[in-house]
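Engineer: Below is a structure I'd like to ask you about.
Since every read-out is calculated from the coordinates, none of them should be taken as a lab result. Fair warning: this is a prediction, and the values are worked out from it, not measured in the lab. Reconstructed Cβ throughout: ideal geometry from the backbone, glycine too, with neighbour counts over all protein chains shown.
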Amino acid sequence: MITVIELGCANTASVLFALDRLGAEAKLSSDQAEIKGARKVILPGVGAAGFAMSRIHELGLYDIIRGLDVPLMGVCLGQQLLFDRSTEGDVECLGLIPGEVTRIEASRELVVPHMGWNQLEIKTQDPLNAGLKDGDFAYFVHSYVCPANKYTLTTATYGHPFAAMVRKDNVWGCQFHPERSSAAGAQILKNFVEL
Amino acid sequence: MLARRIIPCLDVKDGKVVKGVQFVGHEVLGDAVDLALRYRDEGADELVLYDITASSEGRTVDYNWVRDIARALDIPFCVAGGLRTAEQAVRCLDSGADKVSINSPALERPDLIDELAEMAGSQCVVVGIDSREMDNDYYVHQYSGDPDKIRQAGRRTLDWVVEAQKRGAGEIVLNCMNQDGVRKGYDLKQLKLVRDLLHIPLVASGGAGAPEHFRDAFVEADVSGALAASVFHKKIIAIPDLKQQLKADGISIRL
């Protein structure tokens, strides 16, 4: 059973549908005890980091998410929330992965949001990116990026290389939307289900 | 490398995909969920599902239908049609849509763009614009889903795209009405003018009839995506062939 954290600001339906397509059991929850006792957790997210972090605090989930020792995966904004802080609203995030999330500087040449299918480059082999290869496409929609550092599993490049997938201990993240990334995305979700 | 997007648009009326020539007179082409799945299989990068009657009839999209599409698809899709409030749009996103596109309601009340961007984030907010060339300039039209209600919105297209971007739109879909349904190619001149004003993605719409029209939109007008309907629905262009050809032309394409 995978527990998908419901913050009230995320597109949770498509994540649940994707897990259902894989035959994985999942449920939505914002309940402290349920999340604390979960076997596996997904932190989805669409919207602004400041609002999502305020929801995490209001729901009393900050220490619970930080204290999880089961597999936790942040998706899209959910990956950004794993880092120390975000310049989006100048907010302190969960601090599970070192680094600061910053805005992609928009120009005529580099339009923002970074929206569409971009190619992945594998930096570190990991159970989460097993079966993926360099050049596979994933679907991205975001205006802020996580820095590539030693916790980066996979990068993509938009202006600069950034962290497309991350891992530190029991915490993983995907900047793109695996639930909307066709075969590559289904592979990643399947890998997470099978961790 | 970020790929240019090929986006079939399903204009939906009463649950069926329809296509009109120059927006007048609709022809039924098939069931929306069936066509959405067919395009997923053929390699569409994204889908737009446009309830073309919604704005002019004063009703809104059926969220169960959005849910059915979201359940079946593993590529992104955008829902358009009659979303009048930020709450409605958020419900649509909660039902599994990746983006919402607003057109006539944004013209009626431009603050809707700001409200939506605030609640859902700019990345979910697409502003659709129906634009027609008149007197050597371009003007926005609204209620284009209904030939009896269509009207000029009293705004210059080049002003409206800048305002929409400033208010928080995350993408512009520019439908060039002079070209729509006639398959003579996208309006490159207009697209280039609009593209130069934007730092958000621009999607070309209206006029695709041959693979080279897509190439021209990507190469000459530098758009992020190209949308088309009838050429795909009527199987005049097969998406796998189109993408192979664009790739051979040196364009970044997802195969």
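Engineer: Give me the extension gain from A:E58 to A:E92: residue separation times 0.36 nm, minus the current Cα-Cα distance, reported in nm with one decimal.
Structural biologist: Gain on stretching A:E58 to A:E92: 10.8 nm.
Engineer: Shifting gears a bit: With springs only between Cα atoms under 10 Å apart, run a GNM on chain A and tell me which of A:A163, A:A33, A:A48 wobbles the most.
Structural biologist: A:A33
Engineer: With equal scatterers on the alpha carbons only and no solvent term, can you work out the Debye log10 of I(q)/I(0) for the protein assembly as shown at 0.05, 0.09, 0.10, 0.13 1/Å?
Structural biologist: Here the Debye-derived log intensity ratios amount to -0.16, -0.53, -0.66, -1.13.
Engineer: Next question. From the helices alone, meaning DSSP H stretches of at least four residues, give me the mean residue ellipticity at 222 nm for chain B, per-run term -39500 (n - 2.57), in deg cm²/dmol to the nearest 500.
Structural biologist: Values: 11 runs with 91 residues, N = 255.
It comes out at -9500 deg cm²/dmol, rounded to the nearest 500.
Engineer: Using a 10 Å cut-off on Cβ to Cβ distances, tally the other chain neighbours for every residue of B:94-103 and report the average as a whole number.
Structural biologist: Mean partner-chain Cβ count within 10 Å for B:94-103: 4.
Engineer: Per-residue ellipticity at 222 nm for chain A, helices alone: DSSP H runs ≥ 4 residues times -39500 (n - 2.57), over residue total, nearest 500 deg cm²/dmol?
Structural biologist: So the helix-based figure for chain A works out to -6500 deg cm²/dmol.
Engineer: How far, in nm, would the chain grow between A:N149 and A:L110 when pulled straight, counting 0.36 nm per residue and subtracting the alpha carbon separation?
Structural biologist: Net length gain for the segment: 11.8 nm.
Engineer: Give the cross-link partners of A:K168 among the lysines, using a straight C-alpha distance below 26 Å as the criterion and excluding same-chain residues fewer than 8 apart.
Structural biologist: Result set, ordered by chain and number: A:K27, A:K36, A:K40, A:K123, A:K133, A:K150, A:K190.
Engineer: Quick check on the exposure proxy: order A:M53, B:M1 from fewest to most C-beta atoms within 10 angstrom.
Structural biologist: Working: A:M53 21, B:M1 14.
Fewest to most other Cβ atoms nearby, the residues stand as B:M1, A:M53.
Engineer: Can you give the longest run of chain A that contains no trypsin sites (Lys or Arg not before Pro) sitting in a DSSP loop with at most 16 other Cβ atoms inside 10 Å?
Structural biologist: A:40-107
Engineer: Using DSSP to define loop residues, name the GluC sites (Glu not before Pro) in region A:57-118 whose beta-carbon has at most 12 other beta-carbon atoms within 10 Å.
Structural biologist: Within region A:57-118, the qualifying GluC sites (Glu not before Pro) (loop, at most 12 other Cβ atoms within 10 Å) are A:E105, A:E109.
Engineer: If you don't mind, there's one more thing I want to ask. Between B:N136 and B:D222, what is the label-point separation in nm under the 7 Å Cα-to-beta-carbon projection?
Structural biologist: With each label point 7 Å from Cα toward Cβ, the separation is 2.6 nm.
Engineer: Let a ≥ b ≥ c be the square roots of the eigenvalues of the Cα gyration tensor of chain B; is it rounded (a/c under 1.5), or, if not, prolate (a/b larger than b/c) or oblate?
Structural biologist: rounded
Engineer: Dipole size in debye (nearest 20) for chain B around its Cα centre, Lys and Arg Cβ +1, Asp and Glu Cβ -1?
Structural biologist: Value, rounded to 20: 380 debye.
Engineer: A further question follows. Please list, or write none, the lysines whose alpha carbon is within less than 24 Å of the alpha carbon of B:K235, excluding same-chain residues fewer than 8 places away.
Structural biologist: Straight-distance partners of B:K235: B:K13, B:K16, B:K19, B:K184, B:K243, B:K247.
Engineer: Another one. Using a Gaussian network for chain B with springs between C-alpha atoms less than 10 Å apart, which of these wobbles most: B:M119, B:M134, B:M177?
Structural biologist: Result for chain B, Cα springs under 10 Å: B:M134 fluctuates most.
Engineer: By counting other Cβ atoms within 10 Å of each Cβ, how are B:T157, A:T87 ranked from fewest to most?
Structural biologist: With the sparsest Cβ surroundings first, the list reads A:T87, B:T157.
Engineer: Right, another one. Please arrange B:L116, B:L2, A:L72 by counting, for each residue, the other beta carbons lying within 10 Å of its beta carbon, fewest first.
Structural biologist: B:L2, A:L72, B:L116
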